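The values are calculated or read from the model by the stated rules, or taken from the named source; none is laboratory data. The shown structure was predicted, so the numbers you read here are calculated from the model rather than taken from an experiment. A quick note on method: Cβ atoms are made from the backbone with ideal geometry, for glycine too, and the neighbour counts reach across all protein chains shown.
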Amino acid sequence: MVSESEAQEAISTILEYIEGDGIGREGLLNTPSRVVNSWKEIFAGYRQIPAEVLESTFNAEGYDGIVLLRDIEFHSTCEHHLQPFTGRAHVAYIPVERIVGISKLARIVDLHARRLQNQERITKCIADDLETHLKPLGTAVIIEASHGCMQCRGVKKQNSIMTTSAMRGVFFDKNEARTELMQLIRSAPLSR
């Protein structure tokens, strides 16, 4: 395990590589410490366990319709270039016996987003966790995100949006369930 001071030294080395002349100027003096501290928050998902996030469930009381939390904003970091990617997730399931508090759906998105990631893995992992812990009739996860590695380097496409989806159970098997889900996702937001 790398210590916090070793991580700060590594950041100093990277800054020296970028700057060329060392990191003696005022604006960079405490940057290694600030970076390591920010990473504790940005990568907090490594210290969380999906089962603990989803462990508290409630009786569905016969509810058998779609449960959807849409437009869950998230921030993640691409494991390929260490560039940020941001977007929104739409997470849905159809309960059998158990439901979960809505904040847990946002928390499970954050848990996976707050790791070095790729968008496909986040999408799959959220669906896997809901299936494992809720055992619903169906699970659907749709993620739309813009990627820093596409915007500030390489092809430099500012307006591209990547969409990934994981459809399980009735959302995969039944077109009607998928259609209803997509209509709910596209419906106008509530006035605020």
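Scanning the range 42-58 for residues that are assigned to a helix (DSSP H, G or I), of a type outside the set (A, V, I, L, M) and touching a residue at least 12 places away in the same chain (Cβ under 8 Å) turns up GLY45, TYR46, PRO50. In the set ILE94, ILE42, ILE72, only one residue is in contact with a Gly (Cβ under 7 Å, 6 or more places away or on another chain), among the aliphatic types (A, V, I, L, M) and surrounded by 11 or more Cβ atoms within 10 Å (Cβ to Cβ); that residue is ILE94.
VAL2: closer than 29 Å to PHE74 by Cβ and either in a loop (DSSP other than H, G, I, E, B) or in contact with a Cys (Cβ under 7 Å, 6 or more places away or on another chain) (or both), yes or no? Don't jump to the end; show me each part of the working.
On the way: closer than 29 Å to PHE74 by Cβ: yes; either in a loop (DSSP other than H, G, I, E, B) or in contact with a Cys (Cβ under 7 Å, 6 or more places away or on another chain) (or both): yes.
So VAL2 passes the test.
Mind checking which residues of the range 107-134 are charged (D, E, K, R) and either assigned to a strand (DSSP E or B) or farther than 16 Å from VAL53 by Cβ (or both)? Break it down into steps so the answer makes sense when it comes.
Taking the range 107-134 and keeping what is charged (D, E, K, R), we get 107, 110, 114-115, 120-121, 124, 128-129, 131.
GLU120, ARG121, LYS124, listed by residue number.
Scanning the range 145-164 for residues that are modelled with pLDDT of 95 or more and either hydrophobic (A, V, I, L, M, F, W, C) or surrounded by fewer than 16 Cβ atoms within 10 Å (Cβ to Cβ) (or both) yields a total of 2.
Could you list, in sequence order, all residues of the range 135-159 that are β-branched (Val, Ile, Thr), more than 20 Å from ILE49 (Cα to Cα) and under 15 Å from the mean Cα position of the chain (by Cα)? Residues satisfying the conditions are ILE142, ILE143.
For ASP128, the requirement of being touching a residue at least 60 places away in the same chain (Cβ under 8 Å), surrounded by fewer than 22 Cβ atoms within 10 Å (Cβ to Cβ) and either touching a Lys or Arg at 6+ places or on another chain (Cβ under 8 Å) or not aromatic (Phe, Trp, Tyr) (or both) is not met. Annotation: TYR63 fulfils all but one of (1) of a type in the set (Phe, Trp, Tyr); (2) assigned to a loop (DSSP other than H, G, I, E, B); (3) more than 24 Å from ASP128 (Cβ to Cβ); the unmet one is (3). Scanning the range 8-30 for residues being part of a helix (DSSP H, G or I) and surrounded by 15 or more Cβ atoms within 10 Å (Cβ to Cβ) gives a total of 5.
Does the range 99-106 include one or more residues that are part of a strand (DSSP E or B) and either crowded, with 17+ Cβ neighbours inside 10 Å or outside the structural domain of MET150 (by TED's automatic domain parsing) (or both)? Looking for residues that are part of a strand (DSSP E or B) and either crowded, with 17+ Cβ neighbours inside 10 Å or outside the structural domain of MET150 (by TED's automatic domain parsing) (or both), one finds at least one in the range 99-106, hence yes. Residues in the range 139-173 that are touching a helix residue (DSSP H, G or I) at 6+ places or on another chain (Cβ under 7 Å), more than 26 Å from ILE99 (Cα to Cα) and either part of a helix (DSSP H, G or I) or not charged (D, E, K, R) (or both): ALA145, GLN158, SER160, MET162.
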